[in-house]
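Since every read-out is calculated from the coordinates, none of them should be taken as a lab result. Keep in mind that this is a model prediction, so the values were computed, not measured. In this analysis, Cβ positions are derived from the backbone assuming ideal geometry, glycine residues included, and neighbour counts consider all displayed protein chains.
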Amino acid sequence: MIYALIALGYTMVYGVLKFINFAHGEIFTIGGYVSAFTLLALGVSDSMSFATLAGCLLLALLGAVAAPVIVGLVVERVAYRPLRGRSRIMPLLSAIGVSIVLQQLIILIFGPTPITMPTLKIASAAVSLFGVRVRVLALAIIVISALLMVALSYLVRSTRIGKAMRATSQDMEAAEMMGIETDKTIVFTFIVGSALAGIGGLLVLMYYGSLKFDAGFLYGLKAFTAAVLGGIGNIPGAVLGALVLGMTETYGVSMDLGLIAWLVVAGLVAGLYVQMVRVPRHRLLHIANDRRTPDYERRIMNVYRLAPYHAVKTLLGERTDALLSVSASHAVRLTVGNIFLAATAAIFFINGSARIDTRWQPVIAFVVLMVILMFRPSGILGEHITEKV
Amino acid sequence: METILNLDGVSMSFGGLKAVDDLTFDVTRNEIVSIIGPNGSGKTTTFNVISGLYEPDSGDILLKGESVAGLRPDQVHDKGIARTFQSLRLFSNMSVLDNVLVGMHSNSKSGLVASMLRLPSVRREEAAMRARAQEILSMFPGRFSGPRQSQAAGSLSYANRRRLEIARALASDPVLLLLDEPVAGMNPMESHELMEQICDLRDAGYTILMIEHDMHVVEGVSDRVIAMDHGVKIAEGTYEQVANDPLVVEAYLGKRSAHTAS
């Protein structure tokens, strides 16, 4: 769920500038580092009174927002604005460069060892929810992400600056000539995105207790994936994408292969239903009425119902007429699909008791991404800041 | 008569090409001035220079006596110059009403925090802006009524998109309205209707500088016509004067025709 906060930043910058801010992950790390540094400097510990503790955390939050915002502004000014209006690859390269520079800067300032925050009770406190123990912090992350998502959606949809953002995103020059200060609008976008990343940094730090200088890379990459998954440029999409990604990562590894095998079988059954009932019906719609004799319809149906038989027949070169042979080659492909699914299920059943290693986590995440993008190239909720609402 | 716009020896070149060459002209209050000229004669570049997209290489642009040359496009817009585009540039994913509201952007003052919290002052301002936007849209009777206003601008017909561009430009109550080929691609009936509406705008007090190829429209609305060729002003005056100017005929039809004409 933490991906959501970072993904929101990616999505916002992309939504307005049509450009992927690869340095966003590092901005997130900076947020975490600065808040950890603040907490360490203040000497936070559980012996402090609740009020002081809350004050210190607030101060850390302030640092976690302020530092990334400043860095974000500088990066925008120095590395992105001069390249605006050039080809798209240039700011992209610049962003990758900035990402490396920031990472090295973190090492230079804080050293290469992971920064660790003082252990606090509230960071590890847990409550029992429907019989499951859940960390309060995890709940807080979910609530905060959801609230920020709603606030952001509202910001983009209904406020003056939001309108300016949408206009800038669609046609920067035209927006400028309609009296919108595009530079200011873009700066604002970076401020919001960086602040969100900073908050994300603080929360991750509190959740895991420590942060490494290159943490931003993987978090950034996954948040980016989440943003693409939900439809990049789309605010609720980023949160949904993060949710889907987080879920698949968590549950993907805790599922054993036997379960996956059953899922494959379910897919196979659904596929067979589609193949035997829906597809022939659909094909019949495309056949002229005068040819649709009951006999002909039955033959078309048979091609799909007895797909393997017809597949073999087609491969042997026994074709009847043109239309049927189109259906028959269709049947060949369907058969291959069936065999593939059945084989996968069989393999998984054989290894039924084996579990997927956590090392497979990123792989699962990216397989999910590939599958979703194959069927919905614009992401789950579609692209663009403006299209959805 | 008060001078609204004053171009004083404006030149603009791209590499070796002088797109606009020492251009000087005035537009006075409540006047419709048309710029004509063959393709590539520098008309749209002139518009782009006026609206701040390019900074002129030399010369000055005065709006009500105040220089606007070298300002950013949004600053020029704030000074009171609004424009439409030859190739439509609406925000096509935004609704019709939102497009007009974007045009009002510089007139609205509400800050971020206030608008996030929906303070009463913001709500009042927004309601006023919506009312004004609807009033502007009602200038085109029947074109943007009721549910059309919440439709995406991209789903409108071509002619309606042209009208919406004009509405969006009007939204900021500009001192000077720049129309870049407002009737391009419209059928004769639609262009005639729009012609009348442009005249209505002048009667309502707007000052208009317009680029147009449709001579029928130019004849119908212009108080004055400026002809350009190769970035240079070649003629200025009433429609009749300009249309019969041998240089103009030559620019459009070539040298030989100019001789036979004269």
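With everything on Cα atoms, drop me the angle between helix B:120-137 and the longest principal axis of chain B, reported from 0 to 90° to the nearest 10.
Approximately 40 degrees, to the nearest ten.
Quote the charge dipole size of the stretch B:1-147 about the Cα centre in Debye, to the nearest 20; the model charges only the Cβ of Lys and Arg (+1) and of Asp and Glu (-1).
Dipole about the Cα centre, nearest 20: 800 debye.
Tell me, what is the FRET efficiency for B:Ser92 and A:Ser49 to the nearest 0.05, using R0 = 60 angstrom and their Cβ-Cβ distance as r?
That pair, B:Ser92 with A:Ser49, gives E of 0.55.
Distance in nm between label sites at A:Met374 and A:Arg157, each 7 Å beyond Cα in the beta-carbon direction?
3.4 nm
Relative to the longest principal axis of chain A, what angle (0 to 90°, nearest 10) does the C-alpha long axis of helix A:294-305 take?
50 degrees
What angle, in degrees between 0 and 90 and rounded to the nearest 10, separates the Cα long axis of helix A:2-17 from the longest principal axis of the Cα atoms of chain A?
The angle comes out at about 80 degrees.
Counting partner chain Cβ atoms within 10 Å of every residue's Cβ in B:89-95, what's the average?
Taking all residues of B:89-95 together, the mean is 6.
At 7 Å along the Cα-to-beta-carbon direction for both B:Ser67 and A:Val187, put a label point, then send me their distance in nm to one decimal.
With each label placed 7 Å out from Cα toward Cβ, I get 2.4 nm.
Counting partner chain Cβ atoms within 10 Å of every residue's Cβ in A:113-126, what's the average?
Partner-chain Cβ atoms within 10 Å, mean over residues of A:113-126: 0.
With a 10 Å cut-off between alpha carbons and a GNM built on chain B, which of B:Thr84, B:Thr46, B:Thr24 moves the most?
The residue that fluctuates most here is B:Thr24.
Can you work out the PRE-style zone for A:Ala140? Point 7 Å along Cα to Cβ, and I want the residues of the stretch A:31-72 with backbone N under 12 Å.
Counting only backbone N, you get A:53-61.
Roughly how crowded by other chains is peptide A:167-175, in terms of the mean Cβ count from those chains within 10 Å of each of its Cβ atoms?
Going residue by residue through A:167-175 and averaging, the value is 6.
I need B:Thr28, A:Thr293 ordered by Cβ neighbour count within 10 Å, fewest first.
In order of increasing Cβ crowding within 10 Å: A:Thr293, B:Thr28.
Which Rg and Dmax, in Å, describe the Cα atoms of chain B?
19.4, 71
Please identify, among B:Ala227, B:Ala69, B:Ala131, the residue showing maximal mean-square fluctuation in a Gaussian network model of chain B using a 10 angstrom Cα cutoff.
Highest fluctuation among the options: B:Ala131.
Within chain A, count lysine pairs with alpha carbon atoms under 24 angstrom apart where the residues are 8 or more positions apart or belong to different chains.
For chain A, the number of qualifying lysine pairs is 9.
Using amide H atoms built 1.01 Å from N in the peptide plane, name the residues 5+ places from B:Ala19, or on other chains, whose amide H lies under 5 Å from its own.
Here B:Met12, B:Ser13, B:Phe14 satisfy the definition.
Report, in deg cm²/dmol and to the nearest 500, the calculated mean residue ellipticity at 222 nm for chain B, where each DSSP H run with n ≥ 4 adds -39500 (n - 2.57) and the sum is divided by the residue count.
-11500 deg cm²/dmol
List, in order, the whole-Hz ³J(HN,Hα) value for each residue of the stretch B:61-68 obtained from phi through the Karplus relation with A = 6.51, B = -1.76, C = 1.60 and θ = phi - 60°; use x for Gly and Pro.
Per residue, the Karplus-derived 3J(HN,Hα) values read 10, 10, 10, 6, x, 10, 5, 10 Hz.
Grab the DSSP H runs of chain A that are 4 residues or longer, score each as -39,500 (n - 2.57), total them, divide by all residues and round the 222 nm result to the nearest 500 deg cm²/dmol.
-24000 deg cm²/dmol
Taking the Cα centre of chain A as the origin, how large is its charge dipole in debye, to the nearest 20, when only Lys and Arg (+1) and Asp and Glu (-1) carry charge on their Cβ atoms?
I would put it at about 780 debye.
Once the dipole of the protein assembly as shown is set up with Lys and Arg at +1 and Asp and Glu at -1 on Cβ about the Cα centre, which of A:Val269, A:Pro112, A:Ile27 lies farthest towards its positive end?
A:Val269
Find which of B:Asn187, B:Ser172, B:Leu156 sits farthest along the positive direction of the dipole of the stretch B:138-195, computed with +1 on the beta-carbon of Lys and Arg, -1 on that of Asp and Glu, about the Cα centre.
In the stretch B:138-195, that residue is B:Leu156.
Using a simple charge model, +1 on the beta-carbon of Lys and Arg, -1 on the beta-carbon of Asp and Glu, nothing else, what dipole does the protein assembly as shown show about its Cα centre, in debye to the nearest 20?
The calculated dipole for the protein assembly as shown is roughly 3300 debye.
In whole Hz, with x marking every Gly and Pro, tabulate ³J(HN,Hα) for the stretch A:64-75 from phi via Karplus 6.51 cos²θ - 1.76 cosθ + 1.60, θ = phi - 60°.
Karplus-based 3J(HN,Hα) across the stretch A:64-75 equals 5, 8, 5, 4, x, 4, 4, 4, x, 5, 4, 4 Hz.
Between B:Ser13 and B:Ala128, what length comes free when the chain is fully extended (0.36 nm per residue of separation minus the Cα-Cα distance, one decimal in nm)?
Residue separation times 0.36 nm, minus the Cα-Cα distance, leaves 37.1 nm.
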